[in-house]
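The values are calculated or read from the model by the stated rules, or taken from the named source; none is laboratory data. Worth saying up front: this structure is predicted, and the values here are computed from it rather than measured. Using ideal geometry, Cβ is built from the backbone for each residue, glycine included, and neighbour counts are taken over all protein chains shown. Remember, those area values only see protein heavy atoms, side chains included, never the ligands or the DNA or RNA. Shrake-Rupley method; radii C 1.70, N 1.55, O 1.52, S 1.80 Å.
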Amino acid sequence: MGHELNMDEKKLFKHCFGCSPDGFPERVVMTPFIPVKRFAKQCDLLGDFKGQLYSGLVALKDGVKFAVVHCGLGNRLLGDAVLLLGGASVRNMLFVGACGGLNDCRIGDLLLCENAFNGEGFSRYHTRPFSIDKVFGAGQLVAADPDYTGCLKRFLTSKLPQRSDLKSGDVFTIGSLVAERQGCLADIAERGYKGIELELSAVFHGAREAGIKAAGIVFVSDLPMERPMWEEFTQEERDSYDNGVRELVRLSVDFVSEPRT
């Protein structure tokens, strides 16, 4: 169980989030980049907040109150947000974001993230000589909460029966976008990772420290070994991308507002 915020931490919370931690919803959807207005269309808006680092909204659906927090890209911003939210009595957190797809993932697929490898740290990727083996030797897998992830998996299975675009597996949290070079990506893919992204290991670790049950689901936004993010989409790829975001938002709101003890 996470600790309650002391006076200075409450002031830091208000500075970062632009609202008081008192009475903050116990259920949170956290996203690094999806506009919160897309979530607002799925529920009744109760209010919004905007601080120096984080912004979002408080909403209601089917009698369940929850918050959507927009945190920006990168593991440090996400990790600090999780720790502060744990002190504000948040108990359940669903991370929704994007990843570069590896192995059998395609653009627009949804990926339930069971574990995230801690490959954080910008400097380690740009210190010579570099070796991805050193990153694997220094890091470790960080697990999502198994109970909450199990709830999410059952929910997704019921909502998306026999969907080939729903995957599950582990992702690799990398410490530098520029480090997504072909050789590095090939080594990560060879180890069986389904996706590569920038935040989840910090989210899962912070949640464990804060006493929050956290799960993560992302959509595949690009294929870094085949179709890097800077290449233009075909119309089919654009449609798959847009559908992935749309489904991610819809499902995340339905899941966090689901009655649950």
Quick check for me: using +1 on Lys/Arg Cβ and -1 on Asp/Glu Cβ, what's the dipole size of the chain about its Cα centre, in debye to the nearest 20?
500 debye
Where in segment 32-123 are there trypsin sites (Lys or Arg not before Pro) that are in a DSSP coil and have at most 15 other Cβ atoms within 10 angstrom of their Cβ?
K41
Under 15 Å from a label point 7 Å along Cα→Cβ of A186: give me every residue in segment 105-138 with its amide N that close.
132-133
Let me know the shape class of segment 77-220, please: from the alpha-carbon gyration tensor, a ≥ b ≥ c as square roots of the eigenvalues, rounded when a/c is under 1.5, otherwise prolate if a/b is greater than b/c, or oblate.
oblate
Among V29, V64, V142, residue whose mean-square fluctuation peaks in a GNM of the chain (springs only between Cα atoms under 10 Å):
V64
Can you give the angle from 0 to 90° between the axis of helix 7-17 and the longest principal axis of the chain, with both taken from C-alpha atoms, to the nearest 10?
60 degrees
For F95, which sequence-distant residues (separation of 5 or more, or a different chain) have an amide H within less than 5 Å of its own amide H, given hydrogens modelled in the peptide plane?
M30, A215, G216, I217
Per-residue [θ]222 nm for the chain (sum of -39500 (n - 2.57) over DSSP H runs n ≥ 4, rounded to 500)
-11000 deg cm²/dmol
Given the protein chains as shown and a 1.4 Å probe, how many square angstrom of H205 are accessible, to the nearest 10?
80 Å²
For T173, what accessible surface area do you get with a 1.4 Å probe? Give it in Å², rounded to 10.
0 Å²
With every protein chain in place, segment 103-179: carbon and sulfur % of accessible area (1.4 Å)
51 percent
Using a/c under 1.5 as the rounded threshold, could you call segment 58-136 rounded, prolate or oblate? The axes a ≥ b ≥ c are square roots of the C-alpha gyration tensor eigenvalues, and prolate needs a/b larger than b/c, oblate otherwise.
oblate
Sorted by accessible surface (1.4 Å probe, heavy atoms of the protein chains only), largest first, E199, E232 come out as E232, E199
Within the chain, what is the number of lysine pairs with alpha carbons under 14 Å apart, leaving out pairs fewer than eight places apart on the same chain?
6
Size of charge dipole - segment 33-169 - debye, nearest 20, with Cβ of Lys, Arg +1 and Asp, Glu -1, no other charges
240 debye
Sort out for me the Cα centre separation of segment 20-47 from segment 115-147, rounded to whole Å.
30 Å
So what J values fall out for segment 159-174 if you push phi through Karplus, 6.51 cos²θ - 1.76 cosθ + 1.60 with θ = phi - 60°, rounded to Hz, Gly and Pro as x?
8, 10, x, 6, 8, 6, 8, 9, 10, 9, x, 9, 10, 10, 8, 9
What is the set of long-range amide H partners of F172 at a cut-off below 5 Å, with H atoms built 1.01 Å from backbone N?
F117, G195, I196, E197
How large is ³J(HN,Hα), in whole Hz, for each residue of segment 219-230 in order, when computed from phi with the Karplus curve 6.51 cos²θ - 1.76 cosθ + 1.60 and θ = phi - 60°, using x for Gly and Pro?
10, 7, 9, 7, 10, x, 8, 10, 10, x, 4, 7
Heads up, segment 140-258 by the C-alpha gyration tensor (a ≥ b ≥ c square roots of eigenvalues; a/c under 1.5 rounded, else a/b over b/c prolate, else oblate) looks oblate
Kindly write out, for segment 248-260 in residue order, the coupling ³J(HN,Hα) from the Karplus curve 6.51 cos²θ - 1.76 cosθ + 1.60 (θ = phi - 60°), rounded to whole Hz, with x marking Gly and Pro.
4, 5, 4, 5, 5, 5, 5, 5, 5, 9, 5, x, 7
With springs only between Cα atoms under 10 Å apart, run a GNM on the chain and tell me which of G150, G244, G97 wobbles the most.
G150
Provide the per residue accessible area, probe 1.4 Å, for the chain, rounded to a whole number of square angstrom.
46 Å²
Taking r as the C-beta separation of F136 and T157 and R0 as 41 Å, the FRET efficiency to the nearest 0.05 is 0.85
Relative contact order %, segment 1-94, counting alpha carbon pairs below 8 Å whose residues are six or more apart:
38 percent
Among beta bridges assigned by DSSP with both residues in segment 90-234, the antiparallel ones amount in percent, to the nearest 5, to 30 percent
Under the definition of Cα pairs under 8 Å and six or more residues apart, what whole-number percent is the relative contact order of the chain?
27 percent
